[in-house]
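Visitor: Structure in structure tokens, see below.
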Amino acid sequence: MENHSLITQGIHYVGVQDRRTQLFEGLWSLPDGVSYNSYLIVDEKIALVDSVEAGFFGQSLKRIKRVIGDRPIDYLIINHMEPDHSSSIALLKKYYPDMILVGNTRTFGMLEGFYGVEGEQVVVKMGDKLCLGSHTLEFYITPMLHWPETMMTYDTASKSLFSGDAFGCFTALSGGFVDSQMEIEPYLQNAVRYYSNIVAKYGPQVQRALKVLAKLDIEYLCTLHGPVWHEQIPFMIDLYNKISLCEAEEGVVIIYGSMYGNTEEMAEEIARELSCNGVKNIKMHNVSTASPSHMLADVYRYNGLIIGSPTYNAELYPGVEAMISRLKGRGLKNRYFGYFGSFSWAGTAVKHLCEDFAEKLKIKVVGDPIEMKQSMTENDRVEVARLAKEMADAIKVPLCD
Ligand code: FEO
């Protein structure tokens, strides 16, 4: 057996790196790729914990064979059925036809529905155990993190928690598997982006899972995307606790649409006034060019949010409408919110930002909205300065449940 892929006692990394896909789920940008993690637990019995996206199956199979040679895989533990982890299960069954599939009551209907895969199954419940020899696996059912069948698996021997997508992050791995083997800051930033894109709708479920997991002694937190967390486990647990409660750092995100530059000019003026009032964390996004993935990440990172939109066909500008739809879908809360818009020939953008967003979410409106007609006037500049000052003062006081 080779140690090239060893993480800790009996646990091997057999995942793959995807540097080809540009949009995860067809939605979320991947400028630095993503990993599909998969783990082998080698004991008297061999268990594979989750698998990889089907286009990368050949690479993963080679990794598996480098570790176990011609020994069979006895169990496949299926913590999550989304196809980035499950689409090679049918291929795995061809190579390992006697492999027993381990999931929960919600797993196998999906497996049949997606791939028509059948075969010997073990259906586990909360707290069930599976002995592999010196390693014993315990199963924790954690629904809606972020699909209904999601569960986590804890290995008592190595104190490794296989957490599914939870605690995952974008960015492919470059050589190292464990956080202690790499420069970690870019991954920590991308863990926030991953959470905001993939998991954010399910804050209450994250809170429930954290309570269940609190009793476990975890030395290796093995997610399905990104590094195996070891040194950074306390940071990641704290991050998930805070971010699932929609707690955030002091700062302001300005998201705006603009057709001819007038709404953009107001956004730039607001940013300048925020800076003049001492705000250092100011993130600006033009919806026509910014990636939704990165906009969401900043909204989840900072406690101030200002949105601006021109009126477009008597509605919100489409890119702004798409963004507020994403935020509503995630149930964003605990944010200070300011808004502005341009009138052109029909003044409805500001009205929509109030009725379709501010009044729908548990967020605190700061100041009065600013609505300009065709272009900024001196009076508009006074209103901009007032809104920026009120926002700069507001964000100093954290909002929480
Ligand atoms: Fe990484 Fe929900 O799949």
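The values are calculated or read from the model by the stated rules, or taken from the named source; none is laboratory data. None of these values were measured; they are calculated from a predicted model. Glycine gets a Cβ as well: all are built from the backbone with ideal geometry, and neighbour counts include every protein chain shown. The accessibility values were calculated without ligands, DNA or RNA, using every heavy atom of the protein model including side chains. Shrake-Rupley method; radii C 1.70, N 1.55, O 1.52, S 1.80 Å.
Visitor: Count, please, the residues in the stretch 78-94 that happen to be within 16 Å of the ligand (Cβ to nearest atom), assigned to a helix (DSSP H, G or I), open to solvent by 10 Å² or more (accessible area, probe 1.4 Å) and not acidic (Asp, Glu). Let's see the steps before the verdict.
Guide: First, pick out the residues of the stretch 78-94 that are within 16 Å of the ligand (Cβ to nearest atom): 78-89.
When the remaining residues are screened for being assigned to a helix (DSSP H, G or I), the result is 83-86, 89.
From what is left, the residues that are open to solvent by 10 Å² or more (accessible area, probe 1.4 Å) are 83-84.
So of that shortlist, the ones also not acidic (Asp, Glu) come out as 83.
Residues that pass the stated criteria total 1.
Visitor: Out of (1) within 27 Å of the chain's Cα centre (by Cα); (2) at pLDDT below 95, what's the single condition that is false for LEU48?
Guide: Every condition holds for LEU48 apart from (2).
Visitor: I need the full set of residues from the stretch 29-49 which are within 13 Å of the ligand (Cβ to nearest atom) and either among the hydroxyl-bearing types (Ser, Thr, Tyr) or open to solvent by less than 10 Å² (accessible area, probe 1.4 Å) (or both), in order please. Give the steps one after another, and end with the answer.
Guide: The initial filter retains those residues of the stretch 29-49 that are within 13 Å of the ligand (Cβ to nearest atom), namely 30, 34-38.
The answer is VAL34, SER35, TYR36, ASN37, SER38.
Visitor: Sticking with this one: Is it the case, given these coordinates, that VAL397 is of a type in the set (Val, Ile, Thr) and surrounded by fewer than 19 Cβ atoms within 10 Å (Cβ to Cβ)? Break it down into steps so the answer makes sense when it comes.
Guide: Working: of a type in the set (Val, Ile, Thr): yes; surrounded by fewer than 19 Cβ atoms within 10 Å (Cβ to Cβ): yes.
Spelling it out, VAL397 is indeed of a type in the set (Val, Ile, Thr) and surrounded by fewer than 19 Cβ atoms within 10 Å (Cβ to Cβ).
Visitor: Here's something else I'd like to know. Name the pairs: first residue in the stretch 347-370 and at positive phi, second residue of a type in the set (A, V, I, L, M), Cβ to Cβ under 8 Å, at least 6 apart or on different chains?
Guide: GLY367/LEU387; GLY367/MET391
Visitor: All but one of (1) within 33 Å of the chain's Cα centre (by Cα); (2) more than 23 Å from GLU315 (Cβ to Cβ); (3) assigned to a helix (DSSP H, G or I) hold for TYR336, so report the exception by its number.
Guide: Status for TYR336: all satisfied but (3).
Visitor: Continuing with the same structure: Scan the stretch 149-172 residue by residue and report those that are crowded, with 22+ Cβ neighbours inside 10 Å and over 23 Å from ALA47 (Cα atoms).
Guide: If the condition is that a residue be crowded, with 22+ Cβ neighbours inside 10 Å and over 23 Å from ALA47 (Cα atoms), then CYS169, PHE170, THR171 are the ones that fit.
Visitor: Tell me, which residue of the stretch 118-136 that is hydrophobic (A, V, I, L, M, F, W, C) and crowded, with 18+ Cβ neighbours inside 10 Å is nearest to TYR96 (Cα to Cα)?
Guide: Start the filter on the stretch 118-136 by keeping residues that are hydrophobic (A, V, I, L, M, F, W, C), which leaves 122-124, 126, 130-132.
Now restrict to residues that are crowded, with 18+ Cβ neighbours inside 10 Å: 124, 130, 132.
Details: VAL124: 21, LEU130: 19, LEU132: 17 Å.
It comes out as LEU132.
Visitor: Oh, and also: Return the residues of the stretch 123-148 that are within 16 Å of the ligand (Cβ to nearest atom) and either more than 18 Å from ARG106 (Cα to Cα) or in contact with a His (Cβ under 7 Å, 6 or more places away or on another chain) (or both); say none if nothing qualifies.
Guide: Matches in the stretch 123-148: TRP147 only.
Visitor: May I ask you to say which residue of GLU273, GLU264 is closer than 16 Å to PRO369 by Cβ, open to solvent by 20 Å² or more (accessible area, probe 1.4 Å) and outside any strand (DSSP E or B)? It would help to see each step written out before you state the result.
Guide: Working: GLU264 fails: closer than 16 Å to PRO369 by Cβ.
Answer to the check: GLU273.
Visitor: Any chance the stretch 161-184 includes a residue that's closer than 17 Å to LEU48 by Cα, of a type in the set (Asp, Glu) and within 16 Å of the ligand (Cβ to nearest atom)?
Guide: Yes, the conditions are met somewhere in the stretch 161-184.
Visitor: Against the conditions (1) assigned by TED's automatic domain parsing to the domain that holds SER309; (2) out of contact with any His (no Cβ under 6 Å at 6 or more places or on another chain), where does ALA209 fall short? Just the number, please.
Guide: The failed condition is (1).
Visitor: Turning to a different aspect of this structure: In the stretch 228-247, which residue that is assigned to a helix (DSSP H, G or I) and of a type in the set (S, T, N, Q) is least open to solvent (accessible area, probe 1.4 Å)?
Guide: Here is the first cut: in the stretch 228-247, the residues assigned to a helix (DSSP H, G or I) are 233-244.
Right, trim to of a type in the set (S, T, N, Q) and you get 241, 244.
Numbers: ASN241: 58, SER244: 10 Å².
Out of the qualifying residues, it is SER244.
Visitor: Say we look at the stretch 50-75 and pick out the residues that are among the aliphatic types (A, V, I, L, M) and within 16 Å of the ligand (Cβ to nearest atom); which of these is surrounded by the fewest Cβ atoms within 10 Å (Cβ to Cβ)? Steps first, please.
Guide: First pass over the stretch 50-75, keeping only residues among the aliphatic types (A, V, I, L, M): 52, 54, 61, 64, 67-68, 73.
Right, trim to within 16 Å of the ligand (Cβ to nearest atom) and you get 52, 54.
Working: VAL52: 29, ALA54: 18.
By that ranking, first place goes to ALA54.
Visitor: Restricting to the stretch 355-374, name every residue that is closer than 15 Å to TYR256 by Cα and open to solvent by 30 Å² or more (accessible area, probe 1.4 Å).
Guide: PRO369, GLU371, listed by residue number.
Visitor: Another question, if that's okay. Scan the stretch 96-110 residue by residue and report those that are of a type in the set (A, V, I, L, M) and closer than 20 Å to PRO72 by Cβ. Talk me through it step by step, then tell me what you get.
Guide: Taking the stretch 96-110 as the starting set, the residues that turn out to be of a type in the set (A, V, I, L, M) are 99-102, 110.
Residues satisfying the conditions are MET99, ILE100, LEU101, VAL102.
Visitor: Do you know which residues across the stretch 76-96 are under 23 Å from THR136 (Cα atoms) and out of contact with any Phe, Trp or Tyr (no Cβ under 9 Å at 6 or more places or on another chain)?
Guide: Selection gives TYR96 alone.
Residues are listed down the side, and each one gets a yes or a no for (1) outside the structural domain of GLY164 (by TED's automatic domain parsing); (2) closer than 21 Å to THR150 by Cβ; (3) basic (Lys, Arg); (4) under 24 Å from the mean Cα position of the chain (by Cα):
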site	(1), (2), (3), (4)
ASP70	no, no, no, no
ILE73	no, no, no, no
ILE78	no, yes, no, yes
PRO83	no, yes, no, yes
SER87	no, yes, no, yes
ALA90	no, yes, no, no
THR105	no, yes, no, no
LEU111	no, yes, no, yes
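Visitor: Now a separate question. Considering the stretch 34-77 alone, what residues qualify as being outside any loop (DSSP other than H, G, I, E, B) and among the polar types (S, T, N, Q)?
Guide: Taking the stretch 34-77 first, the residues outside any loop (DSSP other than H, G, I, E, B) are 34-36, 39-42, 46-49, 54-68, 75-77.
Across the stretch 34-77, the qualifying residues are SER35, GLN59, SER60.
Visitor: It is to be established whether one or more residues within the stretch 149-161 are small (Gly, Ala, Ser) and assigned to a strand (DSSP E or B).
Guide: Scanning the stretch 149-161 turns up at least one residue that is small (Gly, Ala, Ser) and assigned to a strand (DSSP E or B).
Visitor: When the stretch 192-227 is examined, which residues are found to be more than 15 Å from the ligand (Cβ to nearest atom) and either among the β-branched types (Val, Ile, Thr) or part of a helix (DSSP H, G or I) (or both)?
Guide: Listed by number, the residues that qualify are VAL192, GLY203, PRO204, GLN207, ARG208, LEU210, LYS211, VAL212, LEU213, ILE218.
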